[in-house]
Amino acid sequence: FVWFEIGRTELLRQAGLPYAQVESEGIYLPVVAASCSYHAPARYDDLLDVRATLRDMTAARATFEYRIERRADGALLAAGSTTHAAVDATGRPRRLPESLRRLLV
């Protein structure tokens, strides 16, 4: 799941909206559901590719899918998803910021 977080963070950064900027707007995206299927182990010093994509977005939730592959042979090591709810600093539900919705759609 740590690799999923790294992939999601980079996806947002490459879309032009670093997660720190989302938080600076008072929106937080805690994980409310997560799944992972492990297919093969990563070994020490393997170079890995983490692919994150947006699967679905509603007014207040976003679901991302992930694939972790070994760079040397393209073997699928793990695949999964996380669903995030948009909340404010007090934990109350909020709509996803329009800036995030525009960049990820």
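The values are calculated or read from the model by the stated rules, or taken from the named source; none is laboratory data. Computed from a predicted structure; not experimentally measured. Cβ atoms come from the backbone with ideal geometry, glycine included; neighbour counts cover every protein chain shown. We work out accessible area using only protein heavy atoms, side chains counted, and drop any ligands, DNA or RNA first. Shrake-Rupley method; radii C 1.70, N 1.55, O 1.52, S 1.80 Å.
Here are the numbers:
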read-out	value
Unmet criterion (only one of (1) open to solvent by 40 Å² or more (accessible area, probe 1.4 Å); (2) touching a Ser or Thr at 6+ places or on another chain (Cβ under 9 Å)) for Pro41	(2)
The stretch 63-92 residues that are open to solvent by 50 Å² or more (accessible area, probe 1.4 Å), paired with ones that are among the hydroxyl-bearing types (Ser, Thr, Tyr) (beta carbon under 8 Å, 6 or more apart)	Glu65/Thr53; Glu65/Ser81; Ala89/Tyr28
Lone qualifier among Ala34, Ala52, Ala59, Ala15 - being at pLDDT below 95, within 15 Å of the chain's Cα centre (by Cα) and either of a type outside the set (Phe, Trp, Tyr) or open to solvent by 40 Å² or more (accessible area, probe 1.4 Å) (or both)	Ala15
Pair list, Cβ < 7 Å and 6+ apart or interchain, from the stretch 1-28 residues that are assigned to a strand (DSSP E or B) to residues that are among the β-branched types (Val, Ile, Thr)	Tyr28/Val87
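Residues are listed down the side, and each one gets a yes or a no for (1) of a type in the set (Lys, Arg); (2) closer than 14 Å to Ile6 by Cα:
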position	(1), (2)
Pro18	no, yes
Tyr28	no, no
Cys36	no, no
Val50	no, yes
Arg55	yes, no
Thr58	no, no
Ala62	no, no
